[in-house]
Amino acid sequence: MIPTELIGSIPRPVELLNAVSEFKEGRVDGSTLAEIQGRAVRETIEALEAAGSPVVTDGEQTKSSFLTYPVEGLSNLAPDGAIIPFADGHTRQLPRLVSGPFRYKIHAEEDLRAAKQHTKLPVKQAVVAPSALSLLYPQGGIAGYPREQFLDDLVNEAEADIRGCLDGGAHVVQLDFEEGRLVLKLDPSGEMLREFIDLDNKVLSRFTAAERTRIGVYTGPGADQDSTHSLDVDYAELLPHLFRLTVGNFYLQLASEPDPDRVLGIIADQLRPGIRVFVGVTDPTDPRVETAEEVRDRVLQAARHIPVEQLGTCDDAGFSPFADDRSTSRDLAFAKIRARVAGTALASEQLGV
């Protein structure tokens, strides 16, 4: 069968959403919150198995967001960092580093090991790309802590985050590079994007070729509260840069693209031996559940451009990349996952895989 994987996050149960709010208000203690989080992880993995998913994740049930989980609780951050605007008018704001040194407080390996306790299936682990965390450093600099030192520390921390997951038995480690098109929106010259790619490749260069076959990168235009931040940026401007990343797997949003054939043609031009491209065949921002036949047809469309031995399928994005996002229900997310799995199986059968 053509491989199929989810991107990462699954909407949190209402019990967990309420518990997180109550914890922030001091009405729930840490041990109670951890118990509820652990139950949500187990129930998420069980639901993914029931949906037929051949690879599972913990659904990011314990993360505040896919982006800032490593720095949650650090004392050297201020809340007034870079702002990410979305098409529907809502925003997300990053923290700002105020002093060095930069260190991760939380590593994704902890989530991986907890998830592996609940399943015998392969477990995928998403981690934030170091390029995204580079946005925490302020443009005005930090006295006594130059940007060059910050980037060295960031590279070391990102390597440790990935290596811990690989050593912990992750099926694959996925770098979330959702900022790709957004960066082009902020800097159409492409210089900032090239710097981001170089930074991520600096981290990847610390892994062997065999290890990089178990590392992938995801990119998309954002999918928070059913809105995007950069769908209006031409994918063609990003993809040639993206494929410079020395990873074995690429996870690409595609179902929500207005002209998927055009994008698939660009992907085909960038293919190189030894990589696999997972194309998005379901759209988490669309409240309608795709049919298995629709998914099948999207896979067959992709197979006209990408050799089937280099093809995989995924969702366009995680279903709830920020913990407080209530825009998508768990039932809807799992229905879309079932459609992706079933549709990929139909396409595999038709293609003789």
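Laboratory data are not the source of any read-out in this text; all were calculated from the coordinates shown. The structure presented is a predicted model; accordingly, all values stated were derived computationally and were not measured. Ideal geometry is used to build each Cβ from the backbone, glycine not excepted, and the neighbour counts take in all protein chains shown.
Arrange Thr228, Thr91 by Cβ neighbour counts within 10 Å, fewest through most, would you?
Listing Thr228, Thr91 from fewest to most nearby Cβ atoms yields Thr91, Thr228.
Only helices at least 27 Å long along their own axis, judged from Cα atoms, and with Kyte-Doolittle mean hydropathy of 0.0 or greater: name those in the chain from DSSP H.
The qualifying helices are 330-351.
Count of lysine pairs in the chain with Cα atoms under 20 Å apart, counting only pairs 8 or more residues apart in sequence or on different chains? Can you show the working numbers first?
Working: Lys24/Lys63; Lys24/Lys105; Lys63/Lys105; Lys63/Lys116; Lys63/Lys124; Lys116/Lys124; Lys124/Lys336.
Lysine pairs satisfying the spacing and distance rule in the chain number 7.
Highest GNM mean-square fluctuation, the chain, Cα pairs closer than 10 Å: which of Gly216, Gly180, Gly52?
Judging by the Gaussian network model, the answer is Gly52.
Hand me the GluC sites (Glu not before Pro) from region 5-48 located in a DSSP loop with no more than 15 other Cβ atoms within 10 Å, in residue order please.
Hits after loop and neighbour filter: Glu25.
How much length, in nm to one decimal, is gained on full extension between Gln149 and Leu346, taken as 0.36 nm per residue of separation minus their Cα-Cα distance?
In short, 65.8 nm is gained.
Relative contact order for region 4-351 using alpha-carbon pairs under 8 Å, separation at least 6, rounded to a whole percent?
On the way: 659 pairs, mean separation 70.0, N = 348.
So the answer I get is 20 percent.
How would region 106-166 be classified by its alpha-carbon gyration tensor: rounded, prolate or oblate, with rounded meaning a/c under 1.5 and the a/b versus b/c comparison settling the rest? All intermediate terms of the calculation are to be shown ahead of the outcome.
On the way: a/c = 3.74, a/b = 3.23, b/c = 1.16.
Judged from the Cα gyration tensor, region 106-166 comes out prolate (a/c at least 1.5, a/b above b/c).
Counting helices only, and only those DSSP H runs with n ≥ 4, report the 222 nm mean residue ellipticity of the chain as the sum of -39,500 (n - 2.57) divided by its residues, in deg cm²/dmol to the nearest 500.
Helix-only estimate at 222 nm: -12500 deg cm²/dmol.
How much length is gained if the chain between Thr91 and Asp187 is pulled fully straight, taking 0.36 nm per residue apart and subtracting their Cα-Cα distance, in nm to one decimal?
Extra length available between Thr91 and Asp187 comes to 32.7 nm.
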